[in-house]
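The values are calculated or read from the model by the stated rules, or taken from the named source; none is laboratory data. Only a predicted model underlies this, so the values are computations on that prediction, with no experimental measurement involved. Backbone-built Cβ (ideal geometry, glycine too); neighbour counts: all protein chains shown. Each accessible area value is taken on the protein alone, full model and side chains, heavy atoms only, with ligands, DNA and RNA left out. Shrake-Rupley method; radii C 1.70, N 1.55, O 1.52, S 1.80 Å.
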Amino acid sequence: MKIGMLTSGGDCQGLNSALRGVAKTLYHELGSDVTLYGIRDGYRGLIEADYHVMQPEDFSDILTLGGTILGTSRQPFKMMQKKADENEETKLEKMLETCKKARFDCLVILGGNGTHKTANLLAQHGIHVVTLPKTIDNDLWGTDTTFGFQSAVNIATTVIDSIHSTAFSHGRVFIVETMGHKAGWLTLYAGIASGADVIVIPEIPYSAQAIAAAIEKRGRSGKRFSILAVAEGAISKEEAKMSKKEFKEARRNMPYPSISYRMADELKALTGEEIRVTIPGHYQRGGAPCPADRLLTTRLGVAAANLIREGKFGNMVAVKGNKIVPVPLSEVAGKLKTVPADSDIVQAARDLGLSMGD
């Protein structure tokens, strides 16, 4: 059995430990009857037939290693079936040709939303595929959680924890901008875990006036500082009313490096407070996976290997409750899991007295 493995899209903690879980299980169950191939830099490697045979020792000592030993790249789904010219093959056609020539019996694909759309496309064209859900945003449909998420929450929480002391010392308002373009899971979890005073996520459009009122209320109660956990994809109530085209144009012309700097100016004008912005950025995606993610990726890897042995292709291994279960790629591809504005965890934040920015 020949198995091709690739990691696609943005990197995160746990990719290597997930690869290890798949490989160790297959080697244990199938021994010399299985050959694993590493496909370099995600779908790029599949497009360009850039792959190599891997040995069991390649998967040793990578449980705690950050990043991905296979490399990764972003290959937009919308470009997969477009031709550069009449004589050029599409990226999809090139990937199908690589799979045919390499005689892969299955592809193991680790990735997030865009990755799963392409994985489903490959499956629709007859390629045997099993996928694993990774993204620090936790926004992949069909699974309760994705690997990389808990590690990123830990990092974002540590950053906000550390901001508390300097915010108190100087009596300032701090904005900590966390990752999350369309989903606020990371910001919400880290914000609650770190004791942030205001949490702003894309699913709940914010009002600068409402945030200013929350800051001023803290000041009247004798609080020296306020900390805002803000998702990079946060939008204002005014922006929420715009068309998609209007919104893109407004953001394109925004004279700020990110939404947090615009919010800082808005709040300074409304409150007169000194505002500071901290952006941990890619730091949230780096480093070793936390123990929870090591356990999760190992379980997902074992489950993926078992699906391959059983011939149950076209599935993503997912977390449902405390169980690892297969979910059809057709149910996952193209869907985004966002934070429900009326969810229990949002209500818990409100019941604590936290402002959600609205």
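Some observations on this one:
- Every test in (1) surrounded by 14 or more Cβ atoms within 10 Å (Cβ to Cβ); (2) more than 24 Å from Leu336 (Cβ to Cβ); (3) among the small types (Gly, Ala, Ser); (4) out of contact with any Gly (no Cβ under 8 Å at 6 or more places or on another chain) is passed by Ala190 save one, and that test is (2).
- Residue check, Ser17 open to solvent by 30 Å² or more (accessible area, probe 1.4 Å), in a helix (DSSP H, G or I) and polar (S, T, N, Q): no
- Members of region 163-181 found to be open to solvent by 10 Å² or more (accessible area, probe 1.4 Å) and modelled with pLDDT under 95, listed by number: His164, Ser165, Thr166, Phe168, Ser169, His170, Gly171, Arg172, His181
- Restricting attention to region 70-106, the residues being assigned to a loop (DSSP other than H, G, I, E, B), within 26 Å of Met1 (Cβ to Cβ) and open to solvent by 70 Å² or more (accessible area, probe 1.4 Å) number 1.
Conditions tested, residue by residue: (1) without any contact (Cβ under 8 Å) to a residue 12 or more places away in the chain; (2) of a type in the set (Lys, Arg); (3) more than 30 Å from Arg224 (Cα to Cα).
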| residue | (1), (2), (3) |
| --- | --- |
| Leu270 | no, no, no |
| Ile275 | no, no, no |
| Gly286 | no, no, yes |
| Asn315 | no, no, yes |
| Lys323 | yes, yes, yes |
| Gly334 | no, no, yes |
| Pro340 | no, no, yes |
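- Any chance Asn154 is open to solvent by 50 Å² or more (accessible area, probe 1.4 Å), in contact (Cβ under 8 Å) with a residue 24 or more places away in the chain and among the polar types (S, T, N, Q): yes
- Filtering Ala210, Ala214 for residues that are outside any loop (DSSP other than H, G, I, E, B), open to solvent by 20 Å² or more (accessible area, probe 1.4 Å), under 22 Å from Ser343 (Cα atoms) and touching a strand residue (DSSP E or B) at 6+ places or on another chain (Cβ under 6 Å) leaves a single hit, Ala214.
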